[in-house]
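Asks: Following this message is one structure expressed as structure tokens.
The values are calculated or read from the model by the stated rules, or taken from the named source; none is laboratory data. These figures come from a predicted structure and were not determined experimentally. Neighbour counts run over all protein chains shown; Cβ positions are idealised from the backbone, glycine included. Please note that ligands, DNA and RNA were not included when accessible areas were found on the heavy atoms of the full protein model with its side chains. Shrake-Rupley method; radii C 1.70, N 1.55, O 1.52, S 1.80 Å.
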Amino acid sequence: MSNAGPGGRSPGTPRESPRSSYRLQLQPGFGFADAAAIADYLAALGVSHVYLSPILQATPGSRHGYDVVDHSRVSTDLGGEAAFREMVRAFRTAGLGVIVDIVPNHMAVPVPESLNRPLWSVLRDGPDSEFASWFDVDWTAEDGRLLLPVLGGPLDGCLADLTVSQLDGEPVLRYFDHVFPVRPDTERLPLPGLLAEQYYRLADWRLAATELNWRRFFDISSLIAVRVEDPEVFEATHAVILGLVAEGLIDGLRVDHPDGLADPRGYLGRLAERAGGRWVCTEKILSGDERLPSDWPCAGTTGYDSLGAVGGLFLDPAGAEPLATGYVVSTGGAERFAGVAETAKRAEAEQALAAEVTRLARLVAGTGHPALDGHTAADVASVLTELLTAMPVYRAYVVPGEPVPAESAAILDQAAAAAWPRLAERLHPVLACVTELVLTGPAPLITLFQQVCGPVMAKGVEDTAFYRWSRLVALNEVGGDPDRFGWSPDEFHRFAARLARDWPGTLTTLSTHDTKRQEDVRARLAVLAEIPQAWTAAVTRWHDRAAALASGLVPDPDTEYLMWQTLAGAWPLGRDRLTEYLVKAMREAKTRTSWTDPDLEYESMVLGFAEQVLDDDELAGQLSRFVTTLGEDARVNSLGMKLVQLTMPGVPDVYQGCELMGLALVDPDNRHPANFARGRELLAALDGGLADPAGGTGLGSESRSVGSGGPPPRASTDMEKLLVTATALRLRRAQPGWFAGSYQPLAAEGPAAGHAVAFARGLAVTVATRLPVGLRRGGGWAGTVLPLPAGQYLDLLTGATHAGPRPLLSAVTQRRPVALLVPAGSPAPDLDAAAPAADDVS
């Protein structure tokens with residue numbers, strides 16, 4: 001199975017795509033040996049590949065692995081290379097392949113700095129270091145030095161905390177836990193003279209935002225960008241990973257943050273060549289209707305586009321305006337998200353990312369363009385700020401030396417048109433000049449502008465505006481547009497058909513290590529779109545009681561509104577988790593407090609308010625009762641979203657633990673090890689023939705048919721979601737040909753047709769219920785049917801059989817709101833827990 005781009009092109013053409021994947025978040029306490037221990041469970045679940053977070057040596061204690069310090073070795077914190085090989089052996093025995101997350105864009109600036117030997121060499125030897133080409137440093141900006149913003153204040157006030165000592169026979173400079181190399185033959189100088197002679201300048205940590213002269217990851221000064229566009233740097237940073245690929249120990253790669261690279265397409269081409277055409281997906285965030293560039297040599301994205309499409313399918317667009325009205329009345333906030341995002345993006349460009357904008361302005365000024373005559377550096381920075389703010393996507397994919405694609409030119413034209421009225425008339429010629437230069441000017445300027453667009457978008461939207469605007473936070477997800485409220489079945493079908501045609505090997509997902517809230521939280525919150533008046537009334541009641549308890553000491557309205565949605569979405573939510581979330585949310589919003597300038601008094605007041613909410617029996621009871629009223633409809637959404645994602649075109653990924661119901665929030669809440677023991681226990685019970693309360697006696701059972709009368713008893717939500725997950729994954733494993741690219745939308749007929757979404761993949765038919773509150777209010781299915789070819793159909797989720805050609809949806813969904821139908825007359829697919837042979841892991 002391979003990716004075929006538009007028009008039959010196959011830029012990536014992986015040798016074979018996974019059939020499904022399961023993401024494991026490795027960390028100290030859950031390393032390679034722990035992953036190996038659940039190989040049999042993952043195989044029984046039905047996945048074909050285990051998808052691992054980064055495996056190279058990261059900063060000691062890292063819980064995510066994206067802060068690599070040493071590309072030359074497998075992480076000792078996770079067990080080391082020997083344990084990695086043992087883990088792969090266990091996976092192979094279980095018939096599982098291996099996908100590994102790689103981080104080409106950046107590595108850590110660790111503490112102590114000696115852990116990063118390439119960076120250490122550059123700090124010691126400057127531009128003469130053998131590793132000088134690794135990092136994107138503007139040496140001219142600091143008189144040949146690299147700015148290190150690590151001090152607690154101005155240098156003069158920190159001199160007493162700086163000492164010179166020895167490390168492994170080398171003189172070093174120490175500042176608390178920081179350790180820096182000393183330039184040879186300068187160690188005997190007095191401290192002020194020694195500092196002046198180094199290839200780095202120690203500075204107040206606050207100067208990172210305005211004076212940093214090297215490229216980093218977003219605005220994180222503990223992550224320095226790596227120049228993998230240099231072939232020697234590429235080879236050095238990929239040697240271990242590509243060696244494991246060549247040995248057959250790694251079957252696929254996930255590329256982190258490709259938008260930070262100088263040339264994403266060129267990088268992916270080199271990676272495809274060196275990896276022998278293995279399956280590769282990219283963490284490309286697509287905004288709005290943006291599409292993945294058709295000439296990228298990869299299998300597709302990591303699935304945020306599918307996450308938005310599936311979530312939108314289960315969201316009632318009729319709830320948009322009443323929820324907006326309730327939000328505005330409660331908070332005084334904006335009716336639409338776009339303006340909030342624009343303000344946040346501008347603030348990021350002016351403040352946290354000012355150093356990047358200043359560097360761009362220097363490059364613009366260096367062109368000597370006549371339109372710049374008479375204009376200051378501040379003028380150019382203002383123009384760049386507005387242009388970056390107006391960019392509608394993460395980057396426009398202009399490659400220096402190549403003709404500018406029409407799509408790229410259109411994106412810049414759109415941004416310039418939006419920036420135009422925001423600038424004084426005297427700056428309009430500068431805007432036209434800058435727009436031209438970032439398309440056709442010097443290569444360093446074109447490249448850096450592309451690399452700065454992503455941080456402005458990500459930090460402004462995902463990490464700021466999403467925490468400032470909370471009409472319905474189920475929509476505030478990576479790559480999402482909260483102003484787009486819901487997808488019709490037809491819109492979803494067009495999206496899925498395009499994936500089947502253009503990117504059949506792309507990853508699809510509902511939850512990742514970076515989602516703002518887990519899929520079942522979003523599924524529950526989606527119900528609010530069907531009951532907007534009830535939600536607004538509940539928030540008003542809760543606010544009034546909480547404000548009385550707090551004697552009027554209440555959070556700012558947006559923070560409070562976000563808190564109520566968080567409680568409703570993730571209830572029951574303990575004090576520690578709520579506190580951790582609220583601190584992050586407040587600091588990300590940057591309205592009353594922030595990471596760089598925390599207002600601890602205000603934060604303490606907000607956390608005290610939240611604690612009073614949890615401690616008040618009346619309020620806690622009201623919250624619990626309200627969440628209970630959402631339960632059945634949230635279940636419908638959760639199961640429907642999961643089945644659609646697992647059976648739609650693409651490679652379905654299950655984030656650790658999401659085969660069960662889960663209510664995790666943003667990291668670090670969603671990165672804790674999953675409850676694999678419970679998953680294993682429940683899966684064994686299903687496979688062992690435990691009677692399923694909603695019908696059937698286990699996975700793929702044929703023991704009951706529709707029509708036995710009476711509503712079924714409620715199943716465990718964990719058991720139900722596990723049943724849906726394992727059944728769909730095992731069917732994909734048993735019948736890969738059915739899911740190899742075909743996609744046929746199926747349209748229900750009848751008064752409630754809009755409440756069903758259905759499609760066929762080969763001989764398998766997916767049926768899901770959507771907008772359950774509206775379905776109930778309308779009197780149910782009321783004779784609505786699903787036209788199918790004549791014949792008998794077996795529902796693998798209940799064991800019930802249904803007769804075509806026009807089965808009633810009331811019968812198909814009687815026992816569950818979802819169904820996975822296969823022809824009953826053909827040989828039943830083998831949904832046994834056993835995995836394929838060890839040499840067949842595609």
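Asks: Working carefully through the options 475, 448, find the one that is touching an Asp or Glu at 6+ places or on another chain (Cβ under 9 Å), farther than 21 Å from residue 257 by Cβ, buried (at least 20 other Cβ atoms within 10 Å of the Cβ) and of a type in the set (A, V, I, L, M).
Replies: The match here is 475.
Asks: What is the one condition in (1) touching a residue at least 60 places away in the same chain (Cβ under 8 Å); (2) open to solvent by 10 Å² or more (accessible area, probe 1.4 Å); (3) of a type in the set (Gly, Ala, Ser) that residue 165 does not satisfy?
Replies: Result: residue 165 fails condition (1) only.
Asks: Quick one: count up the residues across segment 354-390 that are farther than 12 Å from residue 445 by Cβ and either touching a strand residue (DSSP E or B) at 6+ places or on another chain (Cβ under 9 Å) or among the charged types (D, E, K, R) (or both).
Replies: Count: 5.
Asks: Just checking, does segment 744-758 include any residue being at pLDDT below 95, in contact with a strand residue (DSSP E or B) (Cβ under 7 Å, 6 or more places away or on another chain) and closer than 29 Å to residue 492 by Cα?
Replies: So far as segment 744-758 goes, no, none of its residues is at pLDDT below 95, in contact with a strand residue (DSSP E or B) (Cβ under 7 Å, 6 or more places away or on another chain) and closer than 29 Å to residue 492 by Cα.
Asks: Looking at 517, 545, which is the one that is modelled with pLDDT of 95 or more, surrounded by fewer than 17 Cβ atoms within 10 Å (Cβ to Cβ) and in contact with a Leu (Cβ under 8 Å, 6 or more places away or on another chain)?
Replies: Details: 517 fails: surrounded by fewer than 17 Cβ atoms within 10 Å (Cβ to Cβ).
Answer to the check: 545.
Asks: Could you grab the pairs with beta carbons closer than 9 Å, sequence gap of 6+ or different chains, first residue in segment 177-190 and more than 17 Å from residue 127 (Cα to Cα), second one buried (at least 18 other Cβ atoms within 10 Å of the Cβ) and among the acidic types (Asp, Glu)?
Replies: Between residues of segment 177-190 that are more than 17 Å from residue 127 (Cα to Cα) and residues that are buried (at least 18 other Cβ atoms within 10 Å of the Cβ) and among the acidic types (Asp, Glu), the close pairs are 178/113; 179/113.
Asks: Report those strands (runs of 3 or more DSSP E) wholly inside segment 168-242 carrying at least 1 residues which are among the aliphatic types (A, V, I, L, M), at positive phi and open to solvent by 50 Å² or more (accessible area, probe 1.4 Å).
Replies: So the answer is none; nothing clears 1.
Asks: Kindly indicate whether residue 282 is surrounded by 24 or more Cβ atoms within 10 Å (Cβ to Cβ) and free of Cβ contacts under 8 Å to residues at least 60 places away in the same chain.
Replies: Spelling it out, residue 282 is indeed surrounded by 24 or more Cβ atoms within 10 Å (Cβ to Cβ) and free of Cβ contacts under 8 Å to residues at least 60 places away in the same chain.
Asks: Mind listing just one residue for me: the one in segment 344-377 that is surrounded by fewer than 19 Cβ atoms within 10 Å (Cβ to Cβ), of a type in the set (S, T, N, Q) and in contact (Cβ under 8 Å) with a residue 24 or more places away in the chain and, of those, nearest to residue 462 (Cα to Cα)?
Replies: Step by step, filter segment 344-377, then rank; the result is 351.
Asks: Filter segment 781-809 for residues that are closer than 29 Å to residue 685 by Cβ and open to solvent by 30 Å² or more (accessible area, probe 1.4 Å) and give the result.
Replies: Passing the criteria: 792, 801.
Table: residues versus (1) modelled with pLDDT under 95; (2) more than 17 Å from residue 294 (Cβ to Cβ); (3) surrounded by 17 or more Cβ atoms within 10 Å (Cβ to Cβ).
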| site | (1), (2), (3) |
| --- | --- |
| 380 | no, yes, yes |
| 386 | no, yes, yes |
| 391 | no, yes, yes |
| 410 | no, no, no |
| 415 | no, yes, yes |
| 426 | no, yes, no |
| 432 | no, yes, no |
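Asks: For segment 68-77, give me the residue count where each residue is open to solvent by less than 20 Å² (accessible area, probe 1.4 Å) and not in a strand (DSSP E or B).
Replies: Residues meeting the conditions: 1.
Asks: Select, from 289, 295, 305, the only residue that is open to solvent by 30 Å² or more (accessible area, probe 1.4 Å), touching a residue at least 40 places away in the same chain (Cβ under 8 Å), part of a loop (DSSP other than H, G, I, E, B) and of a type in the set (Asp, Glu).
Replies: Criteria check complete, one pass: 295.
Asks: Name the residue that is surrounded by the fewest Cβ atoms within 10 Å (Cβ to Cβ), counting only residues in segment 565-613 that are touching a Leu at 6+ places or on another chain (Cβ under 8 Å) and more than 25 Å from residue 476 (Cα to Cα).
Replies: 608
Asks: Which residues, taken from segment 763-821, are in contact with an Asp or Glu (Cβ under 8 Å, 6 or more places away or on another chain) and of a type in the set (Val, Ile, Thr)?
Replies: The answer is 773, 784, 785, 798, 801, 812.
Asks: Still on this structure: Specify the residue that is farthest from the chain's Cα centre (by Cα); the eligible residues are those in segment 95-134 that are farther than 20 Å from residue 213 by Cα, of a type in the set (A, V, I, L, M, F, W, C) and surrounded by 21 or more Cβ atoms within 10 Å (Cβ to Cβ).
Replies: Step by step, filter segment 95-134, then rank; the result is 96.
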